[in-house]
Amino acid sequence: MASKKRNVIVGQSGGPTSVINSSLAGVYKNAIERGFDKVYGMLHGVQGLLDEQYVDMSTQIHSDLDIELLKRTPSAFLGSCRYKLPEIHENMEIYDRIFEILDKLEIDSFIYIGGNDSMDTIRKLSDYAIVKGHKQKFLGVPKTIDNDLALTDHTPGFGSAAKYIAASTKEVIRDALGLTYKKEMITVMEIMGRNAGWLTGAAALAKTEECEGPDLIYLPEIAFDVDDFLAKVKELLQKKSSIVIAVSEGIKLADGRYVCELSGGGDYVDAFGHKQLQGTAAYLAGFLGAEIGCKTRSVEFSTLQRSASHMASRVDIEEAFMVGGAAVKAADEGYNGNMVVIDRVSDDPYMASAGIYDVHRIANEEKLVPREWVNKEGNYVTKDFIDYVKPLIQGDYQPIMVNGLPRHLVLDMKKK
């Protein structure tokens with residue numbers, strides 16, 4: 001009788017990052033080194049798996065160079081999804097379907113790379129497996145530029161996005177300074193962050209020896225007061241001609257309304273009940289222009305924050321690879337219903353290691369910026385915030401350039 005195969009299946013879910021594929025590379029390389037027979041990749045996460053969309057990763061990765069290209073490739077190599085699994089009691093047929101496919105592929109370990117909602121998927125699947133007596137193990141790998149997962153010191157993807165935001169903020173400031181001879185200008189930068197302001201706070205890193213950094217920073221953790229905002233900008237214009245402001249897309253008024261809703265936006269709602277946030281900076285730039293009467297402009301960093309792999313942090317790439325490999329190790333050792341976390345060992349020199357926590361303590365929990373890491377006025381971050389983020393943006397991971405442009409590894413559907 002043939003021995004049962006030990007296969008791994010890995011998927012990617014939620015918003016992609018510039019280093020999410022480094023975690024995928026870590027899963028693949030470590031699974032092969034640990035003697036797993038096959039590594040399958042779900043195409044478009046668990047939603048694609050339900051349609052039996054998957055690929056044998058060995059048809060896509062043929063060499064160490066492919067691994068290096070994958071680590072430097074932005075977005076989700078396997079495709080992503082925003083699919084909310086129902087609670088087990090609501091639709092058991094979906095779970096039966098998933099496990100039917102996993103059994104068919106002789107899956108030993110299911111690894112999901114994602115954020116809060118993805119960890120909820122791991123929670124539900126591991127619970128179902130235990131209740132029904134299935135032997136598969138379910139492990140989560142952290143991924144989100146938002147840095148809002150509980151219990152982990154930070155998440156892969158955040159460091160590179162923070163590096164891009166800080167560098168871009170410096171460039172926006174320089175650009176603005178060149179345009180303010182005998183005139184005033186206000187620039188409002190919109191940075192991703194629905195409920196957590198980690199990314200927006202990273203704009204403070206732009207304050208360096210040769211750069212003043214942004215003048216104001218507004219995070220969603222602090223209620224936004226339009227009148228106070230206007231008064232502060234007017235006060236600053238008494239001292240300087242160029243004002244640069246960083247705002248989270250998700251800043252809210254005291255009554256809970258998103259600022260972007262003041263312009264009539266925010267009607268679309270996704271599968272997880274999240275409103276689409278857009279137009280915060282545009283609204284505030286228009287508001288300031290009308291109230292103050294000077295030139296204003298809005299800059300929306302948008303998807304560039306999560307896709308700028310040419311600006312990736314070496315620390316981030318290496319930690320993403322580390323947690324992917326750690327998930328395979330945990331599965332091999334029998335863990336189930338857990339997520340790999342990053343534990344900060346020291347700040348100087350910066351050192352971190354991989355840990356493992358029960359996913360039930362992580363799923364659907366949000367880690368917000370501590371109030372003490374925002375100044376009393378609620379319009380800038382403190383030194384503690386900057387000291388926390390600074391180690392995560394260190395080092396470069398140079399793209400592999402071909403004809404002057406970065407080369408990426410792209411899924412070959414013909415070899416699927």
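Roughly speaking, what is the centre-to-centre gap between segment 279-331 and segment 61-120 when only Cα atoms are used, to the nearest Å? Between the Cα centres of segment 279-331 and segment 61-120 lies a distance of 24 Å.
Residues in segment 154-185 near a label at residue 210, defined as backbone nitrogen under 12 Å from the 7 Å Cα→Cβ point? Only 171, 174 pass the distance filter. Once the C-beta distance of residue 182 and residue 223 is scaled by a Förster radius of 30 Å, the resulting FRET efficiency is 0.25 to the nearest 0.05.
In segment 295-382, which trypsin sites (Lys or Arg not before Pro) are in a loop and have at most 14 other Cβ atoms within 10 Å, using DSSP for the loop call? Filter output for segment 295-382: 376. Spacing of the modelled spin labels on residue 396 and residue 92, each 7 Å from Cα toward Cβ, amounts to 5.8 nm.
Relative to the longest principal axis of the Cα atoms of the chain, the long axis of helix 20-33 lies at roughly 20 degrees. May I ask for the angle, rounded to the nearest 10°, between helix 92-104 and the longest principal axis of the chain, with both axes built from Cα atoms and the value confined to 0 to 90°? Helix 92-104 and the main axis of the chain meet at about 60 degrees.
Legend: calculated FRET efficiency, residue 333 to residue 53, from the Cβ-Cβ distance at R0 = 22 Å, rounded to 0.05, equals 0.15.
Shape descriptor for segment 201-261: Rg over Rh equals 1.01 (Cα atoms; Rh from the Kirkwood inverse mean 1/r).
Note on the chain: with charges restricted to the Cβ of Lys and Arg (+1) and Asp and Glu (-1), its dipole about the Cα centre is near 740 debye. In the elastic network of the chain, a GNM with C-alpha springs shorter than 10 Å, the most mobile of 12, 278, 53 is 53. Here the peptides 78-88, 205-215, 226-236, 114-124 are ranked by packing, the mean other Cβ count within 10 Å, and the order with the highest first is 114-124, 78-88, 205-215, 226-236. Cβ-Cβ distance of residue 135 and residue 343, R₀ of 30 Å, FRET efficiency by 1/(1 + (r/R0)^6): the value works out to about 0.55.
How large is the accessible surface per residue of the chain, computed with a 1.4 Å probe and reported in Å² as a whole number?
Details: 17770 Å² over 416 residues.
Ligands and nucleic acids excluded, the figure is 43 Å² per residue.
Our summary gives the chain a relative contact order of 23 percent, counting only alpha carbon pairs under 8 angstrom and 6 or more residues apart. Under Stokes-Einstein, with the Kirkwood radius over Cα pairs as Rh, the value for segment 88-160 at 4 °C and 1.567 mPa s is 97 µm²/s.
Among 204, 320, 352, the residue with the largest mean-square fluctuation in a Gaussian network model of the chain, with springs joining Cα atoms closer than 10 Å, is 352. Calculated on the alpha-carbon coordinates, the convex hull of segment 1-131 measures out at 107 cubic angstrom per residue. Given in Å, the Rg to one decimal and the Dmax to the nearest whole number for the Cα atoms of the chain are 22.5, 85.
Across 382, 200, 187, mean-square fluctuation computed from a Gaussian network of the chain (C-alpha pairs under 10 Å connected) peaks at 382.
By accessible area, using a 1.4 Å probe on protein heavy atoms only, the chain has 49% of its surface on carbon and sulfur.
The values are calculated or read from the model by the stated rules, or taken from the named source; none is laboratory data. Treat the numbers as computed from the prediction; the structure is a model and nothing was measured. Heads up, the Cβs are rebuilt from the backbone with ideal geometry, glycines too, and the neighbour counts pull from every protein chain shown. What goes into the accessible areas is simple: the full protein's heavy atoms, side chains included, and nothing from ligands, DNA or RNA. Shrake-Rupley method; radii C 1.70, N 1.55, O 1.52, S 1.80 Å.
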